Every structure is written in C-alpha cells, then in structure tokens.
Amino acid sequence: MERREIAAVLAYIGRLDPRTIRTDPGEARDQLAQWHELLHDVPFATAHGWDVREAIRAHVLDSPYPVLPVDVARRWRTYRRDRLDRHTDPTPVADPDNPAAWRAELLADRQAVATGTAAPATHRQLTAGGPTLDVEARLRAIGSCIPPAARADLARYRPARAAREAAIAQGRPDALSVPCTWCHAREGEQCRSRRVGPDGSTRGNAYRAVPHPTRIDLAVAELTRQGAA
C-alpha cells in the first residue's frame, strides 16, 4: 500500500477503534511511517478475496486489543499461504529446454496467485469428488472398476484372490470371511503354511493359495447359520 492508502486505513481504524487515533502531528506522522514500513508490500484490496478493511474489522471483532500493523501483515501472510496451498502449477508455455524461461514463468505465476492478482489453478479439486456420471454408469455395467479381461490376466499373479472371487461367484462360501483356527490368520488374511520343527519353533510361514480345510468348514457353517437366520 502507498502512504495515502495507509492514511485511509488509519482513518478507517480510527472510526472503528478511537483508541488508535493520534491527535499530535508528530505522533500521527510516526504512526503513518510505522504502518507504511510494515505494510508497503500488502495490497489494499485484490480481485480475489483480500480486503484490508475486512482484516481490520475481523481483528476488532475478535480481539480486545488495538489493531497493530503486524496483525494486518500476519493476516495477509495467512491469505497468501492459503492461496498457494490451493494452487497447482500449470504447465508453462515456455520451452522446457530453456530452464530460465520455464522457471521465470512458474515464479511469475506463483507471484500473481500469492499477491491476489490471479486465481489459484486448483487442478487437484477436479479429482476431489466422486466419479462422474459416465464413470458410474460404466461401473454399474461392468460390476467392478477392473474389467473382466484384466481381472482374468491378473488371476495368475494373485491366485488366492482369484480363488476367493471364483468361490463367491459360484455361490460357495468365502473362506477368508472367517478367521482360521489352524494358522490363526485373521479375517480377510490368507492362510499360512506353518511348519513346526522338532524344537517346537516355526520353520515356515509362507502364504497358502488355498485356505486350510478347517477354515473352509467354518465358512460353510457360518454361511449355513446365516441362511437359517
């Protein structure tokens, strides 16, 4: 802000909080110099949400203490940080083989966003919501976000998952829906092949592609119980 804008700000503060008014010419001159020194790089208002009068009014409403130039400067810094946090750098139009021009364009874009002369490019918000209507329609038609052909190709790399999906598709019980009493695998976890040595220590702990028979029996019993209920 220029000195005349600082003078207008001080006059506005005096209307809201008469404690800040300086009647002595020397004190008023010192007050103007102090505010200008701390707020010369703070704009009076921008086209994207910043107005120094709003910051002053918020301080007067929230704090019992007279507003100081550092209070305004801190609110301006908070405003700048919030805008930069919501900004995603767009791809510069400069030649990427010219690092100086590429960097200069990025810095100029960020400076414009930080000073409130340009709006943040919030590309991240495009993926913050749920799927679009056409994506939802395709998911309902396919039944899964993984197409059947891709799921078939993945089956050889994750046999336990493939066996589980095949059992559910055929109406058989899902063995992983219950814990295993043999290897103590929790619900949703694969069974493990535990080999016990002569000294009682565990010698093997590899995942099994097929659940233990006792776990399958428990899943059948649970499915039967749910059907009877």
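The values are calculated or read from the model by the stated rules, or taken from the named source; none is laboratory data. Model, not experiment: these values are computed from the prediction. No Cβ is skipped: glycine too gets one built from the backbone with ideal geometry, and neighbour counts run over all protein chains shown.
Some values worked out for this structure:
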{"quantity": "Scope the stretch 207-224; condition modelled with pLDDT under 90 and of a type in the set (S, T, N, Q); matching residues", "calculated": "T224"}
{"quantity": "Near pairs, Cβ below 8 angstrom, 6+ apart or cross-chain, from the stretch 100-113 (farther than 20 Å from R86 by Cα and without any contact (Cβ under 8 Å) to a residue 60 or more places away in the chain) to any residue that is of a type outside the set (K, R) and surrounded by 12 or more Cβ atoms within 10 Å (Cβ to Cβ)", "calculated": "A101/P92; A101/A94; W102/P92; W102/A94; A104/A94"}
{"quantity": "Residue, modelled with the lowest pLDDT, within the stretch 188-206, restricted to residues that are charged (D, E, K, R) and surrounded by 10 or more Cβ atoms within 10 Å (Cβ to Cβ)", "calculated": "R203"}
{"quantity": "Criterion (over 27 Å from P213 (Cα atoms), small (G, A, S), within 32 Å of the chain's Cα centre (by Cα) and in a helix (DSSP H, G or I)) met by exactly one of A137, A149", "calculated": "A137"}
{"quantity": "Index of the failed condition, T78 passing every other in (1) assigned to a helix (DSSP H, G or I); (2) touching a residue at least 40 places away in the same chain (Cβ under 8 Å)", "calculated": "(2)"}
{"quantity": "Condition broken by A100, with the remaining ones in (1) in contact with a Phe, Trp or Tyr (Cβ under 8 Å, 6 or more places away or on another chain); (2) part of a helix (DSSP H, G or I); (3) over 30 Å from A11 (Cβ atoms) satisfied", "calculated": "(1)"}
{"quantity": "Lone unmet requirement of (1) exposed (fewer than 11 other Cβ atoms within 10 Å of the Cβ); (2) over 25 Å from V113 (Cβ atoms) for V93", "calculated": "(2)"}
{"quantity": "Output for the stretch 160-184, where each listed residue is under 36 Å from the mean Cα position of the chain (by Cα) and charged (D, E, K, R)", "calculated": "R161, R164, E165, D174"}
